[in-house]
Amino acid sequence: MGRLLCPALLTAGALALAAGFTLFAAVAFGGSPQVTGQDRRASTPVRPAVAASAGDIPSLQTRLQQTPGDHRSWSRLALAYVEEARVSADPTYYRKADEALARAAELAPDDALQLTARAALDNARHDFAAALEAADAAVAANPFSSLAHQLRSDALTELGRYAEARRAARQADDVEPGPSTFARLSYQAELRGDLAEADRLMRLARDASTGSAPAYAFAAFHLGELARGTGDLTAAGRHYAAALDADPDFSPALAGRARLAVARGQTAAALRDYREVVRRLPLPEYVTELGELYLALGRDAEARAQFAVAEASAALARANGVGVDLEVALFEADHGSAEAALAAAREEWAARRSIHTADALGWALHAAGRDAEALPYVRRATRLGTRDARMLFHHGAVAAALGRTGEAREQLRAALAVDNGVAPLRESQARALLAGLGGAR
């Protein structure tokens, strides 16, 4: 297989708020939980009913040496391992979480906390069908667990069951409103293109997070992403700065600052920030963004080096049970083998029917020269009104290939408005397509 990954899932977050969102809320804030996302390509805040952070690992291990029959501590340890995988970008912690959950399940197979931890781990590994099954069981065992409802919402979102996902997020908010429920509801609004409502809800998440620097940074960062999506780069910069003031180690905000530097033509600053992000947290999302910036600058050898790192990260993730077919499909379609892209996209589509998997399959079909087959998928990807530049670009490119001039212009112009300078490689491609259609402006 060729090189892997493109900033797809992780900015969507992906794409964005999914697995990382799930873990962040559930573990860091005790209430509920990347990446997605959309990709965007990819994270949230609240005081959980069950708190477990990466820093709890030593004390939990000590406790379990003394009381190995404490099934709840085994479940908390599993959650802590999942959180450690998030903050360190080291997926080997998922295997440790598996081992801890096996002990917890042996001691208490129907315990709500054990089932909730299982849902968190499955979401983190992108096994969303399994996550939903575990979350359903957790909710049945304890209908008053906001975290279980939130994890259920995350899984439903990634499976493309958006109406059910929004209902589950509202149920979580009814049980225990707080930063993580506000953030999830914000993401549901963002998916539907309602950025004003998404901003309102994320501000609630931020304002309810003043006692937790990581939670505040998370919400401030996403406010920056929402502002950037409306073209307000100045406000986006203020929000990223607020996130970094609250938590200087919050790498997503540093990546946001790097994107703004790209948009402003501050290449040296962008490269400096991206390199620091990759040094701290070598997630494929950030590594690939840096690689694509190098490509846009004509520095192909440095781009290839970054893509090799992304490939290694993806291989490590897959070896530890993380599904990466979505990312593989998008990367291969852009930089590798159309055949490999299509195989990966079909695998992912068979597992879940989200707007992001529709986008990946449509783009893989386009790479294979099968645009008539691709069009229904790229249209499906943009059907909710999500302001995701990558999906809008893919829709526009497929429409342009089929001679659907009006549709192509609409989608490509929308993609450029959202990107607003932060993705020069994609933007140059969009402008070239528009010029060919006689609509570069």
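The values are calculated or read from the model by the stated rules, or taken from the named source; none is laboratory data. All of these numbers come straight from a predicted model, not from anything done at the bench. We place every Cβ from the backbone using ideal geometry, glycine too, and count neighbours over all the protein chains shown. Protein only, heavy atoms only, side chains kept; ligands, DNA and RNA dropped before computing areas. Shrake-Rupley method; radii C 1.70, N 1.55, O 1.52, S 1.80 Å.
Of the numbered criteria (1) closer than 24 Å to Ala423 by Cβ; (2) of a type outside the set (Ser, Thr, Tyr); (3) touching a Ser or Thr at 6+ places or on another chain (Cβ under 6 Å), the one Gln150 fails is (1). When segment 267-284 is filtered for residues that are of a type in the set (Gly, Ala, Ser) and open to solvent by less than 50 Å² (accessible area, probe 1.4 Å), the ones remaining, listed by number, are Ala269, Ala270.
Once segment 331-375 is narrowed to residues that are more than 19 Å from the chain's Cα centre (by Cα) and in a loop (DSSP other than H, G, I, E, B), the residue that is surrounded by the most Cβ atoms within 10 Å (Cβ to Cβ) is Gly336. When segment 125-147 is filtered for residues that are in a helix (DSSP H, G or I), open to solvent by less than 40 Å² (accessible area, probe 1.4 Å) and within 30 Å of Ala314 (Cβ to Cβ), the ones remaining, listed by number, are Phe128, Ala130, Ala131, Leu132, Ala134, Ala135, Ala138, Leu147.
For segment 276-297, a residue qualifies if it is closer than 20 Å to Asp90 by Cβ and over 19 Å from the mean Cα position of the chain (by Cα), and the qualifying residues are Glu276, Arg279. Kindly establish whether Asp419 is open to solvent by less than 10 Å² (accessible area, probe 1.4 Å) and among the charged types (D, E, K, R). Yes; evaluated as a whole, the condition is true for this residue.
Just one of the listed residues (Leu316, Leu290) is open to solvent by less than 20 Å² (accessible area, probe 1.4 Å), under 23 Å from Ala360 (Cβ atoms) and either assigned to a helix (DSSP H, G or I) or touching a helix residue (DSSP H, G or I) at 6+ places or on another chain (Cβ under 9 Å) (or both), namely Leu290. Among the residues that make up segment 395-414, is at least one of them modelled with pLDDT of 95 or more, out of contact with any helix residue (DSSP H, G or I) (no Cβ under 8 Å at 6 or more places or on another chain), surrounded by fewer than 18 Cβ atoms within 10 Å (Cβ to Cβ) and part of a helix (DSSP H, G or I)? Yes, segment 395-414 contains at least one residue that is modelled with pLDDT of 95 or more, out of contact with any helix residue (DSSP H, G or I) (no Cβ under 8 Å at 6 or more places or on another chain), surrounded by fewer than 18 Cβ atoms within 10 Å (Cβ to Cβ) and part of a helix (DSSP H, G or I).
The set of residues from segment 376-393 being in contact with a Leu (Cβ under 6 Å, 6 or more places away or on another chain) and part of a helix (DSSP H, G or I) comprises just one member, Tyr377. Annotation: Ala308 fulfils all but one of (1) over 21 Å from Leu293 (Cα atoms); (2) open to solvent by 10 Å² or more (accessible area, probe 1.4 Å); the unmet one is (1). With respect to (1) buried (at least 17 other Cβ atoms within 10 Å of the Cβ); (2) more than 30 Å from Ala130 (Cα to Cα), the lone exception for Ala435 is condition (1). Collect the residues in segment 44-103 that are of a type outside the set (A, V, I, L, M), modelled with pLDDT under 95, assigned to a loop (DSSP other than H, G, I, E, B) and surrounded by fewer than 24 Cβ atoms within 10 Å (Cβ to Cβ), keeping them in residue-number order. If the condition is that a residue be of a type outside the set (A, V, I, L, M), modelled with pLDDT under 95, assigned to a loop (DSSP other than H, G, I, E, B) and surrounded by fewer than 24 Cβ atoms within 10 Å (Cβ to Cβ), then Arg47, Ser53, Asp90, Pro91 are the ones that fit. In the condition set (1) in contact with a Gly (Cβ under 7 Å, 6 or more places away or on another chain); (2) under 25 Å from Ser251 (Cβ atoms), Leu107 is compliant with all but (2). Please verify whether segment 243-256 includes one or more residues that are among the charged types (D, E, K, R), open to solvent by 20 Å² or more (accessible area, probe 1.4 Å) and under 27 Å from Ala189 (Cβ atoms). Checked segment 243-256: at least one residue is among the charged types (D, E, K, R), open to solvent by 20 Å² or more (accessible area, probe 1.4 Å) and under 27 Å from Ala189 (Cβ atoms). Looking at segment 157-213, which of the residues that are among the β-branched types (Val, Ile, Thr) and over 16 Å from the mean Cα position of the chain (by Cα) is modelled with the lowest pLDDT? Per the stated criteria, the residue is Thr210. When the criteria are applied in full, Gln150 fails the requirement of being assigned to a helix (DSSP H, G or I), in contact with a helix residue (DSSP H, G or I) (Cβ under 6 Å, 6 or more places away or on another chain) and surrounded by fewer than 24 Cβ atoms within 10 Å (Cβ to Cβ).
Taking the numbered list (1) closer than 19 Å to Arg206 by Cα; (2) in a loop (DSSP other than H, G, I, E, B); (3) open to solvent by less than 60 Å² (accessible area, probe 1.4 Å); (4) of a type outside the set (Val, Ile, Thr) in turn, Tyr240 passes all entries but (2).
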